[in-house]
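Novice: Just passing along the structure, written as structure tokens.
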């Protein structure tokens, strides 16, 4: 299938960084290593050797990047060659270069995960329609510092959330429950929440986890009235973070989503829980309030993208799958995410049609749903 002319809504992206207009070959390759922060901040000792850094150019996704940029630029299929041409184009304007890439991939709208203020260059550089998410973590930290009671914290937090959605036009909430407390963290009782606030106010890290879980529960409830989805980071997607890495398995959310008070709370599983992609798909199969975003899977797992797409199409409702990239820093990430998604989705649909498992007439309709229509429906873009 040729999906090149179908628009794309990138459901998960981060701001662009203007200073990355000019990059050397290794620096461009580094953009496709999600755990680069662990090297840069020294938390992974011995990893930042020249040999290890050279490995970054040998990720499969970087080979895919080189192949696709060489196609687009009509230049030799070599990292150094595509970087020379890339830098020539960015020298004429980073915004124009990003616009060219987004037009090539068909990206018309982006949901941006950022706490940058409106008008920041990193947001202004993103072509097309830009939609924002309310940042749960920074808001909790702000009101924890300002408040003398949990009731005051929650009131301030919920007022800020309502302001962001109803007045400022934010389309959802971003939560890092997995990293902070674990997706399987229990919902604290009212008494436990009050105790957690008092201890977290004094800097208790364990108590902060319980406080975060309590506010997460309040967020799920508030977002029903606001008709706004809660975006949850799921899966490993690169480097390490504080806490057991297995706490990001989407199956751990089952106790939360099974509770009657949260059954109408829309939840978006970012990064499709990679490597637990079957779990993410089955969560959408089991819970009607769950959507699956396949960012990071495309483009980071490009050489496995067709196999992953089969897994998504196999179990999740096709009406609740969305394309994303996890893009950040440079526009190549979002562009390659959409490009890889179209290649993988087209191949998986072609295969299903070829095996007579799917009507040929249905395939283009499914492609349009996954690439943009499902996101447009979730965010009310056609209204």
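Bear in mind that the values in this text are calculations on the coordinates, not laboratory data. Only a predicted model underlies this, so the values are computations on that prediction, with no experimental measurement involved. Every residue, glycine as well, gets a Cβ built from its backbone with ideal geometry; the counts of neighbours run over all protein chains shown.
Novice: Could you work out [θ]222 nm for the chain from helices alone, using -39500 (n - 2.57) per DSSP H run of at least four and dividing by all its residues? Round to the nearest 500 deg cm²/dmol.
Specialist: That comes out to -14500 deg cm²/dmol.
Novice: Report the semi-axes of the equivalent ellipsoid for the range 134-203 in whole Å, largest first, where each axis is √(5λ) for an eigenvalue λ of the Cα gyration tensor.
Specialist: 21, 16, 10
Novice: Rank 272, 164, 205 by mean-square fluctuation in a GNM of the chain with C-alpha springs under 10 angstrom and give only the top-ranked residue.
Specialist: Result: 205 has the largest fluctuation of those listed.
Novice: OK, next. Using only the alpha carbons of the range 216-330, determine the length spanned along each of the three principal axes and report them from longest to shortest in whole angstroms.
Specialist: Answer, in whole Å and largest first: 41, 33, 27 Å.
Novice: Mind checking the full-extension length gain between residue 99 and residue 163? Use 0.36 nm per residue of separation minus the Cα-Cα distance, one decimal, nm.
Specialist: This chain segment gains 19.9 nm when fully extended.
Novice: Now a separate question. So if I take the alpha carbon set of the range 274-323, get Rg, then get Rh from the Kirkwood formula, what is the Rg over Rh ratio? Working shown, then result.
Specialist: On the way: Rg = 10.0 Å, Rh = 10.6 Å.
Using only Cα positions, Rg/Rh for the range 274-323 is 0.94.
Novice: I'd like the orientation of helix 277-286 relative to the chain: the angle between its Cα long axis and the longest Cα principal axis, in ° from 0 to 90, rounded to 10.
Specialist: 60 degrees
Novice: Then there is this: Only Cα pairs under 8 Å and at least 6 apart count here; give the relative contact order of the chain as a rounded whole percent.
Specialist: That works out to 21 percent.
Novice: Sticking with this one: Would you mind ranking 309, 131 by Cβ crowding within 10 Å, fewest neighbours first?
Specialist: 131, 309
Novice: How high is the FRET efficiency from residue 286 to residue 73, r the C-beta distance, R0 45 Å, rounded to 0.05? Please list the in-between numbers first.
Specialist: Details: r = 45 Å, r/R0 = 0.99.
E between residue 286 and residue 73, to the nearest 0.05, is 0.50.
Novice: Something else: Working from Cα positions, state the angle (0 to 90°, nearest 10) between the long axis of helix 305-315 and the longest principal axis of the chain.
Specialist: Rounded to the nearest ten degrees, it is 50.
Novice: Hey, another quick one. On a 0 to 90° scale, report how tilted helix 150-162 is relative to the longest principal axis of the chain, with both axes built from alpha carbons and the result rounded to the nearest 10.
Specialist: It works out to around 40 degrees.
Novice: Moving on. Sorted from fewest to most neighbouring beta carbons within 10 Å, what does the list 174, 201 look like?
Specialist: 201, 174
Novice: Kirkwood Rh over Cα pairs of the range 107-169 into Stokes-Einstein at 4 °C, 1.567 mPa s: D in µm²/s?
Specialist: Details: Rh = 13.1 Å.
After rounding, the answer is 99 µm²/s.
Novice: Next question. Relative contact order of the range 95-145, please, whole-number percent, based on alpha carbon pairs below 8 angstrom and at least 6 residues apart.
Specialist: Rounded, it is 41 percent for the range 95-145.
Novice: Let me ask something else about it. Going from the alpha-carbon gyration tensor of the chain, what semi-axes, largest first and in whole Å, does one get by taking the root of 5 times each eigenvalue?
Specialist: Each semi-axis is √(5λ); the values are 34, 25, 20 Å.
Novice: Using only alpha-carbon positions, what ratio does the radius of gyration of the range 93-230 give when scaled by 2.2 N^0.38 Å?
Specialist: 1.22
Novice: Another question about this same structure. Across the range 177-250, what fraction of all alpha-carbon pairs, as a whole percent, falls in each successive 5 Å bin from zero upward?
Specialist: Reading upward from the zero bin: 3, 16, 22, 21, 19, 13, 4, 0.
Novice: Taking the Cβ-Cβ separation of residue 307 and residue 55 as r and a Förster radius of 25 Å, what is the calculated FRET efficiency to the nearest 0.05?
Specialist: Calculated transfer efficiency: 0.60.
Novice: Counting other C-beta atoms within 10 Å, which of 223, 77 has the fewest, and how do the rest follow? Write down the numbers at each step before the final one.
Specialist: Numbers: 223 22, 77 14.
Starting with the residue having the fewest Cβ neighbours, the order is 77, 223.
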